[in-house]
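The values are calculated or read from the model by the stated rules, or taken from the named source; none is laboratory data. Just so you know, these numbers come straight off a predicted model, no measurement behind them. Cβ placement follows ideal geometry from the backbone for every residue including glycine, while neighbour counts extend to all protein chains displayed.
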Amino acid sequence: MKEFYTRSLTALAYAIVLLFPLFFNQYMFYLVGFICSLILVFEFIKLVSDYNHKFFSVDSGKSYLILYLTFPLYLSLFILSKYPEFQLVFLLIIVITNVLLGFSLLKKKFFSFSILKNRFVGHFYLVGSLVIFFSMSNILGTYDPMIILSFLSLIWISDSAAYVFGVSFGKRPLLKSVSPKKSIEGFIGGVIFSILLSVIFSFYININFSLTQWLIIAVVTSVLGTLGDLVQSQFKREAGVKDSGKWLPGHGGLYDRMDSIIFASPFIYLLIKIFEYVS
């Protein structure tokens, strides 16, 4: 129970740090995004170095510099681009990257860390997905914090419900070889509570989504958020570490806290665009 309280207090502080800039203005929110990218890149490259000790000695400086600079570059190009085709191609590259990661995980043929020497996964899975998440606030044409708040709420309630249900009722492991503590019961609990919250959103959140669309978003967010958590768990397992960092008591590093958001964001962005196109 003590661990639950620690996790809850840390999550609350993390939420305040993220949500205050979100509702203050978009530029402060993007600044927070850049700071997050710096921390995430540091943690991610540290994971790579734990797996491949030659990584730092051979490529350290350029790896840091290139990945640090890509967030503001990609964010500027993605938001300011007058060509929807560029945005679509960029989005699809990230979606395909994450699909390959998820598929490789489920098929037991996970990407080797050696691929990160080409920075492909680092660019698109990590930084690209983060850009998509922070760009989501403008997805409907104007800055709307409620889009981000809704997505984060679905991620957070799914994660929290999965944890509580897993601790209370978990018996059958979801993917034992990757994350032994995650259970099927916890996963189901997370999906159920995401669905319940989406029903509430359909009545009280002023976003032009139907109830059916909200339900689809909730299920996709919960399922892919869980898959994103498992993908990150496999990265840590290959690196031989428990957490990506020690910034957040009860959670580990920022990457541990944002793994679901990073993985699910491109799919939700694409889903919303599809809803917008067909409506």
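With respect to Leu88, is the statement that it is in a helix (DSSP H, G or I), closer than 20 Å to Leu254 by Cβ and modelled with pLDDT of 80 or more true?
So Leu88 fails the test.
Among the residues of segment 235-254, is there at least one that is under 26 Å from Ile96 (Cα atoms), hydrophobic (A, V, I, L, M, F, W, C) and out of contact with any Phe, Trp or Tyr (no Cβ under 7 Å at 6 or more places or on another chain)?
Within segment 235-254 (the criterion being under 26 Å from Ile96 (Cα atoms), hydrophobic (A, V, I, L, M, F, W, C) and out of contact with any Phe, Trp or Tyr (no Cβ under 7 Å at 6 or more places or on another chain)), the answer is yes, since at least one residue qualifies.
Go through (1) without any contact (Cβ under 8 Å) to a residue 40 or more places away in the chain; (2) buried (at least 20 other Cβ atoms within 10 Å of the Cβ); (3) under 22 Å from Lys236 (Cα atoms) and name the single condition Gly190 misses.
Unmet condition: (3).
In segment 138-161, how many residues are small (Gly, Ala, Ser), assigned to a helix (DSSP H, G or I) and modelled with pLDDT under 90?
Qualifying residue count for the region: 1.
Assuming Asp243 fulfils every condition listed in (1) buried (at least 17 other Cβ atoms within 10 Å of the Cβ); (2) touching an Asp or Glu at 6+ places or on another chain (Cβ under 7 Å) apart from one, which condition is it?
Unmet for Asp243, out of (1) buried (at least 17 other Cβ atoms within 10 Å of the Cβ); (2) touching an Asp or Glu at 6+ places or on another chain (Cβ under 7 Å): (1).
Yes/no matrix, rows are residues, columns are (1) farther than 18 Å from Tyr269 by Cβ; (2) touching a residue at least 12 places away in the same chain (Cβ under 8 Å):
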position: His123; (1), (2): no, yes
position: Ser135; (1), (2): no, yes
position: Thr142; (1), (2): no, no
position: Ala161; (1), (2): yes, yes
position: Gly170; (1), (2): yes, yes
position: Val178; (1), (2): yes, yes
position: Phe201; (1), (2): no, yes
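Determine whether segment 271-279 contains at least one residue that is out of contact with any helix residue (DSSP H, G or I) (no Cβ under 7 Å at 6 or more places or on another chain), crowded, with 18+ Cβ neighbours inside 10 Å, more than 20 Å from Leu106 (Cβ to Cβ) and among the β-branched types (Val, Ile, Thr).
The answer is yes, given that some residue of segment 271-279 is out of contact with any helix residue (DSSP H, G or I) (no Cβ under 7 Å at 6 or more places or on another chain), crowded, with 18+ Cβ neighbours inside 10 Å, more than 20 Å from Leu106 (Cβ to Cβ) and among the β-branched types (Val, Ile, Thr).
Among (1) over 26 Å from Glu276 (Cα atoms); (2) part of a loop (DSSP other than H, G, I, E, B), where does Glu185 come up short?
(2)
Which count do you get for residues in segment 121-152 that are of a type in the set (Ser, Thr, Tyr), surrounded by 19 or more Cβ atoms within 10 Å (Cβ to Cβ) and over 18 Å from Leu254 (Cβ atoms)?
3
Residue check: is Ser135 modelled with pLDDT of 80 or more, closer than 28 Å to Tyr27 by Cβ, among the polar types (S, T, N, Q) and touching a Phe, Trp or Tyr at 6+ places or on another chain (Cβ under 6 Å)?
Criteria met by Ser135.
Residues checked against (1) closer than 24 Å to Ile148 by Cβ; (2) touching a residue at least 40 places away in the same chain (Cβ under 8 Å); (3) touching a Cys at 6+ places or on another chain (Cβ under 7 Å); (4) of a type in the set (A, V, I, L, M):
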residue: Glu185; (1), (2), (3), (4): no, no, no, no
residue: Ile195; (1), (2), (3), (4): yes, no, no, yes
residue: Gln213; (1), (2), (3), (4): yes, yes, no, no
residue: Val219; (1), (2), (3), (4): yes, no, no, yes
residue: Thr226; (1), (2), (3), (4): yes, yes, no, no
residue: Ser233; (1), (2), (3), (4): no, yes, no, no
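For Thr226, state whether it is at negative phi and either in contact with a strand residue (DSSP E or B) (Cβ under 8 Å, 6 or more places away or on another chain) or not in a helix (DSSP H, G or I) (or both).
yes
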